[in-house]
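What follows is calculated from the coordinates using simple rules that are stated; it is not laboratory data. Model, not experiment: these values are computed from the prediction. Please note: Cβ atoms are built from the backbone with ideal geometry, for glycine as well, and neighbour counts cover all protein chains shown.
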Amino acid sequence: MLDQGTGLLVDGAWVKGPDRLPVADKYTGDVIAEPHVPGPDQVDAAIASAARSVGRLPCARRALVLRRAARLLDEWRDPILAQYVAETGFTPADAATELDRTLLVFELCAQEALRLTGETVPVQAAPGHEDSLCLTLRTPVGVVAAVTPFNAPLSTVAHKLAPALAAGNAVVLKPAEQTPLGAITLVWALVEAGLPDGLVQLLPGSGGTVGEQVVRHPAVRYITFTGSTAVGRHIRAVSGLARTHLELGANSPTLLWRDADLDHALPLIVRAGYRKAGQVCTSVQRLLVHEAIIEEVTGRLADLVASVPYGDPRAPGNQVGPLIGAAAAARAEQLVADAVGHGSRLLTGGSRSGSVIAPALLSGLSERARLASEEAFAPLVAIAAVGGLDEAVCLADATRYGLQAGVFCQDLDVALAFARRVATGGVVVNDTSSCHPDPMPYGGVKDSGQGVEGPAYAVRDMSDSRTVLIRHRPPRSA
């Protein structure tokens, strides 16, 4: 097991708290760790320490610490992967992908720390300022509160932690209570890499207590949150004037147009619909299929999904493990029953054993079914037929969410028309809604949130612009 102190870091010290947070193996149910949970006074002390520490680290040192931390994480690869599988229930392959993405995010943010800069402003156009010089500086926004989800306790934490540090901020990190160990590991690596005391505070615990106190605190100037739309709305309501980046719910559609290359598309759809047991914001949940190819797609995809091995995430070859808990699995079971009750046909899967749901594929999705509008966050994919582009756009948008969409199409005119018309934060052509290279801007519209991730974009957003105007005067005569 990794040496992670108490899991509670306040003002540079690993300290004990008044309570403990049991973390369970998501497949076996065994308790694997019990990090400490802070009391209210410790939360206040952590935020005060962060406020004192903003701007302490020069940009070159920020880059150096991030790169050193990435090297340490890579050296600790085997225990990190074992820990990740235990706390999430995801497979070793998914764990390895998460760690590799984390290392890339740290490196990209190290680069951004060295090139974060302002601009010169042409104020000479204003009368009386013909000889003035105006420039902008990028300065840290201040204390950044990062509240992270259970489904990506390495890469999503990295997408919040590393940009905030690269921009010169101090971070108060509140990881998901179901999966805090990945976040603890990342913070441990930063401390071991030489990050000065106070620049990261780590506060495990529940959102209703620890998280609530953090996002309400007046010293917090920026909040980055990934989670449900309901919690995102609450954060907006209670956070005062703090800036917010919110990556919230989704019900992601992917369109298979009549000319789609199915040999290319179908394996990608299976991967994107069922990896991490469907617990990915951009998972393919609704598959919109042109009626000209609906029979072929339905038959081929049902065979592919039925052959996906699932169960114990540690068993060789298994691709789908348990959901985060039995309650999540029971809800997924209800969503399947609701869809069938509204006329959908269950082609394969859908049975439940504890927290494990057999990968499910449904056809004939009705707009009245909850699966058509709610976020499943489970290994469920539902097929709906479309007759043309107008209907495809209408169905894709028939939800309050708008995070990301995919379209498989060889006709570039059709693909671009879909991309321009659908109301979503991103559109991926010839891949699924779940395609997400880490350098790109990533974020949603409507109830899927506001703001974007992606190192270059996040680093800039986590900084402020300061204007400097220099009035030039003629030099004094000798």
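Cα centroid separation, the stretch 451-478 to the stretch 361-417: 43 Å. Give the residues of the stretch 393-417 whose amide nitrogen is closer than 14 Å to a point set 7 Å from the Cα of Asp261 in the direction of its Cβ. Only 408-412 pass the distance filter.
If you take the square roots of the eigenvalues of the alpha-carbon gyration tensor of the stretch 390-451 and sort them as a ≥ b ≥ c, do you get rounded (a/c under 1.5), prolate (a/b over b/c) or oblate?
Numbers: a/c = 2.19, a/b = 1.17, b/c = 1.88.
Since a/c reaches 1.5 but b/c is at least a/b, the shape of the stretch 390-451 is classed as oblate.
Okay, helix-only estimate at 222 nm for the chain: each DSSP H run of n ≥ 4 adds -39500 (n - 2.57), divide by all residues, round to 500 deg cm²/dmol; what do you get? Provide the component values of the computation, followed by the final result.
Values: 14 runs with 173 residues, N = 478.
Calculated at 222 nm, the ellipticity per residue is -11500 deg cm²/dmol.
Less than 5 angstrom separates the built amide H of Cys134 from those of Val121, Val123, Ile470, all sequence-distant by 5 or more or on a different chain. Stretched out straight at 0.36 nm per residue, the stretch from Arg233 to Glu367 would grow longer than its current Cα-Cα span by 45.7 nm.
For the stretch 400-416, 3J(HN,Hα) computed residue by residue from phi via the Karplus equation (6.51, -1.76, 1.60; θ = phi - 60°) reads 6, 9, x, 8, 8, 9, x, 8, 9, 6, 8, 8, 4, 4, 5, 4, 5 Hz, glycine and proline entered as x.
In a shell of Cβ-Cβ distance under 11 Å around His472, excluding His472 itself, what net charge do Lys and Arg (+1) and Asp and Glu (-1) give? Combined, the nearby Lys, Arg, Asp and Glu give 0.
For the Cα trace of the stretch 1-152, dividing Rg by the Kirkwood Rh returns an Rg/Rh value of 1.11. Give the Debye-formula value of log10 I(q)/I(0) at each listed q (0.07 Å⁻¹), with one equal scatterer per alpha carbon of the chain, two decimals each. Per q value, in the given order, log10 I(q)/I(0) is -0.39. Residues in the stretch 259-264 carry Karplus couplings, in order, of 9, 4, 7, 5, 4, 7 Hz; the curve used is 6.51 cos²θ - 1.76 cosθ + 1.60 with θ = phi - 60°, and Gly or Pro positions show x. Ranked by how many other Cβ atoms sit within 10 Å of their own Cβ, fewest first, the residues Cys109, Cys134 fall in the order Cys134, Cys109. Ranking Thr185, Val445, Met462 by Cα position along the charge dipole of the chain, where only Lys, Arg, Asp and Glu carry charges on their C-beta atoms, puts Met462 farthest toward the positive end.
When a/c reaches 1.5 or more, the comparison of a/b and b/c decides; with that in mind, is the stretch 120-276 rounded, prolate or oblate per its Cα gyration tensor? Working shown, then result.
Values: a/c = 1.95, a/b = 1.26, b/c = 1.55.
Since a/c reaches 1.5 but b/c is at least a/b, the shape of the stretch 120-276 is classed as oblate.
Around Gly321, with a cut-off of 13 angstrom between Cβ atoms, what is the net charge of the other residues, counting Lys and Arg +1 and Asp and Glu -1? If you can, show how the numbers build up before the last one.
Values: positive: Lys26, Arg275, Lys276, Arg314; negative: Asp25, Glu87, Asp94, Asp312.
Result for the neighbourhood of Gly321: 0.
As I understand it, the dipole of the chain uses +1 on the Cβ of Lys and Arg and -1 on the Cβ of Asp and Glu, about the Cα centre. Which of Cys394, Gly317, His245 lies farthest toward its positive end? Checked the options; the winner is His245. Using a cut-off of 22 Å between Cα atoms, the listed pairs Lys16/Lys174; Lys26/Lys174; Lys26/Lys160 include Lys26/Lys160 as exceeding that distance.
Which order results if Lys446, Lys16 are arranged by neighbouring Cβ count within 10 Å, fewest first?
Values: Lys446 19, Lys16 14.
In increasing order of surrounding Cβ atoms, one gets Lys16, Lys446.
Remark on Val200: its backbone amide H falls under 5 Å from those of Val171, a criterion applied only to residues 5 or more positions apart or on other chains, H modelled at 1.01 Å from N. Among Ile383, Ile269, sorting on how many other beta-carbon atoms sit within 10 Å of each Cβ, with the fewest leading, yields Ile383, Ile269. Scaled to the compact-protein estimate 2.2 N^0.38 Å, what is the alpha-carbon radius of gyration of the stretch 255-374, rounded to two decimal places? The value comes to 1.03. Taking the centroid of alpha carbons for each part, the stretch 270-327 and the stretch 82-122 are 26 Å apart.
If you average the sequence gap of Cα pairs under 8 Å that are 6 or more apart and divide by the length of the chain, what percent do you get for the contact order? Kindly include the intermediate steps, with their values, before the conclusion.
Values: 1132 pairs, mean separation 86.1, N = 478.
Computed over the chain, the figure is 18 percent.
In a shell of Cβ-Cβ distance under 14 Å around Gly89, excluding Gly89 itself, what net charge do Lys and Arg (+1) and Asp and Glu (-1) give? Walk me through the intermediate numbers first.
Values: positive: Lys26, Arg275, Lys276, Arg314; negative: Asp25, Asp30, Glu87, Asp94, Glu98, Asp312.
For residues surrounding Gly89, the net value is -2.
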